[in-house]
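Some notes on the structure that comes next.
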Amino acid sequence: RNGAEGSELCFGCVNSSKYTGDLQWFPVDLQDTFGIAYYWNIATAGLTYNGTPLAGGEYSLLVDTGTTLIFVPSDNAEALYSQIPGSTPAPELGKGYFKFPCNSTVSSVAFRFGNADFAIHPSDFNVGAHPSDPSSCIGAVLSVPNGSNAVAGDAFLKNWYSVYDYDEMRVGFAPANH
């Protein structure tokens, strides 16, 4: 975040100096891939806003370091943006985009895994000003049709130290040190 240095890719190791607390582990969800681990996907109860679960949750989420933004089922995305006054779809930017007033205070947006919420930092939720409407900002959470793959990209991952454990088929998260 903000040009900070210190990212690393570490095969076969975990660098505890890069995070605080303990890793929380979540099993790879093989339900949507016919028992085969095609992706690093984990079950989520969907997005929360200020700790309150939003409609359209309960889906398998691909955790993908090669994706920039966050893609969730349309019901979950619409429920999220309904909590931010003045938010509207922004189809002029492409399918699934939303915009919101830049002067809005966006509270805690998080994914719920198990019983814990894993937040997206507000500066990572705000992608930047709309190119033709500088008073509107673009949200990092986009909608995809219900039933499509949901993906958590860098807008989520840069907040969390993540570990991908192939032997145990699980993904671990802990708060990243910035």
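So what is the calculated 222 nm ellipticity per residue for the chain, using -39500 (n - 2.57) for each DSSP H run with n of 4 or more, over all residues, to the nearest 500 deg cm²/dmol? Before the final figure, lay out each step's value.
Numbers: 3 runs with 16 residues, N = 178.
Mean residue ellipticity, 222 nm, calculated: -2000 deg cm²/dmol.
Compute and list, largest first, the equivalent-ellipsoid semi-axes of segment 1-138 from the alpha carbon gyration tensor, each √(5λ) rounded to a whole angstrom.
Details: eigenvalues 151, 79, 47 Å².
For segment 1-138, the ellipsoid semi-axes come out as 27, 20, 15 Å.
Any idea how far apart SER132 and LEU30 come out in nm if each label point goes 7 Å out from Cα toward Cβ?
4.9 nm
Could you work out the relative contact order of segment 34-147? I mean the mean sequence separation of Cα pairs under 8 Å and 6+ apart, divided by the number of residues, in percent. Show your work: numbers first, answer last.
Values: 218 pairs, mean separation 33.3, N = 114.
It rounds to 29 percent for segment 34-147.
Per residue, what volume in Å³ does the convex hull of the Cα atoms of segment 93-178 enclose? List each step's numbers first, then the result.
Numbers: hull volume 11.2 nm³, N = 86.
In segment 93-178, the Cα convex hull volume per residue is 130 Å³.
Show me 55-62, 16-23 ranked by packing, highest mean number of other Cβ atoms within 10 Å first.
Answer by packing, highest mean first, reads 55-62, 16-23.
Beta carbons within 10 angstrom, averaged per residue: use that to sort the peptides 157-163, 91-97, highest first.
Result, highest mean Cβ count within 10 Å first: 157-163, 91-97.
With 5 Å bins from zero, work out the P(r) of segment 93-133 over every alpha carbon pair and list the percent per bin.
Calculated over all Cα pairs of segment 93-133, the distribution is 5, 18, 23, 22, 16, 9, 4, 1, 0 percent.
Pull up the cross-link candidates among the lysines for LYS158, meaning alpha carbon to alpha carbon under 23 Å and not fewer than 8 places away within one chain.
In chain and number order, the partners are LYS18, LYS99.
Going by average Cβ density within 10 Å per residue, which order do the peptides 63-73, 166-176 take, highest to lowest?
63-73, 166-176
With a probe of 1.4 Å, find how much accessible area segment 59-148 has per residue, and write the answer as a whole number in Å². Before the final figure, lay out the partial values.
Numbers: 4010 Å² over 90 residues.
Counting only protein heavy atoms, the per-residue value for segment 59-148 is 45 Å².
Please identify, among CYS137, CYS13, CYS102, the residue showing maximal mean-square fluctuation in a Gaussian network model of the chain using a 10 angstrom Cα cutoff.
Its mean-square fluctuation being the largest, the pick is CYS13.
The values are calculated or read from the model by the stated rules, or taken from the named source; none is laboratory data. Everything numeric in this text was worked out from a predicted model, so none of it was measured. Positions of Cβ are backbone-derived with ideal geometry, glycine not excepted, and every protein chain shown enters the neighbour counts. Just so you know, the surface numbers come from the protein's heavy atoms only, side chains and all, with ligands and any DNA or RNA stripped out. Shrake-Rupley method; radii C 1.70, N 1.55, O 1.52, S 1.80 Å.
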